[in-house]
Amino acid sequence: MTSKTNLRIAVSIITILAVISIGFKLKPILHNYDGFNPEKVYKVKYSYFFKSEEKNTYVKTFIPKNNLRQRISREKINGDNTLYFKKQQEKNNNSRAIWSTTEDKDNYHSVGYEFVFEGKERNFVVPKTFNITSGKYREYLKPTKNIQSDDATINELATQLGQNTENDKEVIKNIFDHVSKIPSAPIITLTDALTTIRQNRASCNGKSRLFVALTRNLGYPSRIKGGIILENTNKRTSHVWAEVMINETWVPFDALNGHFAYLPSNYLEIYKSDEFLITHTSGIQFDYTYEIDEVNHIAFLKLNSEEIRSLSSISLWNLVEGEVIPKTSLNLLLLLPIGGLLVAFLRNVVGVKTFGIFLPVLIAFSLLQTGFVSGIILFVVLILLVGLISYPFDKMGLLYTPKLVVSLTIMVGLMIIATSIGLKFNIAWLTTLTFFPTIILTIAAERFSRATVEDGYRLAIDKLFQTLLTTTICYGLFSWDALPSVLIIFPEFILLIIVSAVLLGRYIGIRWVEFYRFKPLFE
């Protein structure tokens, strides 16, 4: 047999084996498909420890419920037999768990409530003008003991922030910016709205109450929302933020963490209104903690880790579960072959010219961390800056390698300065240049600098533009969040990528851009 025949047989066998292996796993995966697609999954446990007194003793805590951005499952109540437990619905649709003593006195108790949280981030678009709210939200305009929206000090500040604004969105933005700029402090005691103004320092509860007081003063229904920021650790701190009723939708604003009309995927929502997450009989010995463990998950599957592992022995899930390779690194490794195949297709079939095969893939991957628009702007500015910096050194007659070292060192220095400016003035997009994107941009700058020497500035800029076009296409593919998870469950796709690359390597047709280039000749 010829080498071509052997190649066809090998490609056919690899393709058949990969398709059969994928087929065996498709049925259980389709059967367990989950359209909720959470971005973060945590196992959460409330743990409370207290000593009962001679009188009846109780411990109460709010517990979370499902909504559009979070799902609560696998609830489990722990407690000894000497306690009476019940759930009850309260005002504002809050749900509360209550443990209370019966006949048992002067004894130590340990109770817990655990569940699995699945959450996803939610962005809200704030319109310039708000509709007039209905009368059912009137209670969210009233002052309270800790939200003194009718106080003269609050009124003066609210009036000042509302001046020289053209629409409702600008008013809310002025209030948000003012409260965000108040210095943060880990104050664990209750801080009302007026105290926040007077001491000009507050934690989440003081900032949220001031935000709500100012918005209520100006006629915007608003309220406090309470919960926990979930992290892979044990903690004792809860968190509160504000919500404003905008066109029949409660829109979140977290002035402490700078989230404007946005709620991250790890925010656990628990209760509404200005309440305390935990209450108990006064004077008793009491302690508590929140035990939080992040759970590895496949976003589009409603299966736990053991069930995912049992799907097939041919998967990379064990690498994720065993933390053999960091998940981010594994995602990069899995996306590299697909990105490389895409770039190879664009180069060999379409006729696009790029700086290398994998560099557009790495740039696209780094844009996932920096953000597409800000990342592209930084990329172009820094690359062109290298060209400008190199120009005077060309006039000096410096050799290529020393000149490149000087140029790249200056570029890295500028990145550090930009990051420092971003941290000082809270400019988020300037702080996105972490170590990995910096390395990628440095490599790209080196390629561009070499192209300017070998091909001239015009051709180098033309290749830069085509590289950015290829990067954009790769970024669009990588933006599909489920792609790394699909490759983790179906590593057989790597074999199909090899087969596709082999077939692509046999392509000897005319590149697509040549049809346009030689159109007059074809005619």
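A few points about this structure:
- Label-to-label distance for residue 395 and residue 306 is 7.3 nm, based on points extended 7 Å past Cα in the beta-carbon direction.
- For 223, 8, 236, order by how many other beta-carbon atoms lie within 10 Å, fewest first: 236, 8, 223
- Remark: 310, 180 ranked as 310, 180, counting other beta-carbon atoms within 10 Å and listing the fewest first.
- Cα-Cα over 19 Å, subset of 65/86; 65/327; 65/235; 145/207: 65/327; 65/235
- In terms of its C-alpha gyration tensor, region 462-523 comes out oblate, because a/c is 1.5 or above while a/b does not outweigh b/c.
- Percent RCO, i.e. relative contact order, over region 326-489, from Cα pairs under 8 Å lying at least 6 residues apart: 37 percent
- Relative contact order of the chain: 17 percent, from C-alpha pairs under 8 Å at least 6 residues apart in sequence.
- Among the GluC sites (Glu not before Pro) within region 274-358, those in coil by DSSP and having at most 14 neighbouring Cβ atoms inside 10 Å are 323.
- Three-way shape label, region 1-73, alpha-carbon gyration tensor, a/c 1.5: prolate
- Mean-position separation - Cα centroids, region 210-281 and region 58-79, in angstrom: 17 Å
- Each peptide among 208-216, 114-122 gets the average number of other Cβ atoms lying within 10 Å of its residues, and from highest to lowest they stand as 208-216, 114-122.
- For region 211-297: rounded, prolate or oblate by the Cα gyration tensor [a/c cutoff 1.5]: oblate
- Panel values: region 326-489, Kirkwood radius from alpha carbon pairs, Stokes-Einstein at 4 °C and 1.567 mPa s, translational diffusion coefficient 78 µm²/s.
- Ordering 396, 411 by the number of other Cβ atoms within 10 Å of each residue's own Cβ, fewest first, gives 396, 411.
- DSSP-assigned coil residues among chymotrypsin sites (Phe, Trp or Tyr not before Pro) in region 266-351, each with at most 16 further Cβ atoms within 10 Å: 276
- By the combined test of axial Cα extent (at least 27 Å) and Kyte-Doolittle hydropathy (mean at least 1.6), the qualifying DSSP H helices of the chain come to 327-345, 372-396.
- Among 71-84, 248-261, sorting by the average number of other beta carbon atoms lying within 10 angstrom of each residue, highest first, gives 248-261, 71-84.
- The Cα atoms of region 127-174 cover 31, 27, 12 Å along the three principal axes, with the biggest extent listed first.
- With 20 Å bins beginning at zero, the pair-distance distribution over Cα atoms of the chain amounts to 17, 40, 33, 10, 1, 0 %.
- Under 12 Å, Cβ to Cβ, from residue 470 - net charge with Lys/Arg +1 and Asp/Glu -1: +3
- Overall size of region 122-264 from C-alpha positions, given as principal axis extents largest first: 43, 33, 27 Å.
- Cα-based reach from residue 25 at 21 Å (exclusive), listing lysines while leaving out same-chain residues under 8 positions away: 302
- Sum of -39500 (n - 2.57) over DSSP H runs of 4+, divided by residues of the chain (222 nm, nearest 500): -15000 deg cm²/dmol
We did not get these values from a lab; they are worked out from the coordinates using the rules stated. Computed from a prediction, not measured in an experiment: that's the story for all the values here. As a convention, Cβ positions derive from the backbone with ideal geometry for all residues, glycine included, and neighbour counts pool all protein chains shown.
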